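Structure first, then comments.
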Amino acid sequence: MFLDSLDVTLSYSDGYSRTLSAYLRCMCGAGASFDVSAALHLNSCSEKKIFVIAATNQPQKIDPAVRRTGRLDKLIYVGPPDEEARREMLTLHLEGRPVAADFDVGALAEKLKGYSASDIRFLVDEAARDALKKRQEISSESFRSAMTRIQASVTPEIEAQYQSIEQRGL
């Protein structure tokens, strides 16, 4: 089972949300009548032959009661793509599009440190739109223009925070 954006539904703040309370009841085995279905019954998942993977961009927002051992046992940090991965993503997203002959994918990949996979996809689409408006092929100039509007979503501060969380095992 894959739970995406876990921080959105299972965050904590001043008080417990209804969703969080219900989720914790399900994980603890109580409240079997909870209407979201048996999908959230995470207690003893291995005994039930259920493998759960949850994803979040903000692990610090997930309530500690949810993160405790026995509920979500392992935290794996997946950082932003490295230069080689960025180059491959650019190549993939540019495939079949009109690209200027002198465009250097490697040089652009070097400049995209901190860009997530979705950032790169959006950047390519924006560069393509810019080129289309000018009735030109996608070029370095198309990307320069798009990069003025689309910044990397993983700043060095955010990267350090994620690495710190991984080291502490939250």
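Values quoted throughout were computed directly from the atomic coordinates according to the rules given, and no laboratory measurement underlies them. Note that the structure is a prediction, hence the values are computed from the model and not measured. No Cβ is skipped: glycine too gets one built from the backbone with ideal geometry, and neighbour counts run over all protein chains shown.
Some observations on this one:
- Here GLU95 and ARG144 are evaluated by their C-beta separation; at R0 = 30 Å the FRET efficiency comes out at 0.90.
- Over 30 Å apart at the Cα level, from the set LYS49/LYS113; LYS61/LYS133; LYS111/LYS134; LYS48/LYS113, are LYS49/LYS113; LYS61/LYS133; LYS48/LYS113.
- Distance in nm between pseudo-label sites at SER118 and GLU166 (7 Å out along the Cβ direction from Cα): 2.0 nm
- Ordering of 78-88, 120-130, 142-152, 97-107 by packing [mean C-beta count within 10 Å, highest first]: 120-130, 142-152, 78-88, 97-107
- A Förster distance of 35 Å, applied to the separation of the beta-carbon atoms of GLN136 and GLU84, puts the FRET efficiency at 0.80.
- The stretch between ILE76 and MET1 holds 25.4 nm of extra length on full extension. This uses 0.36 nm per residue minus the Cα-Cα distance.
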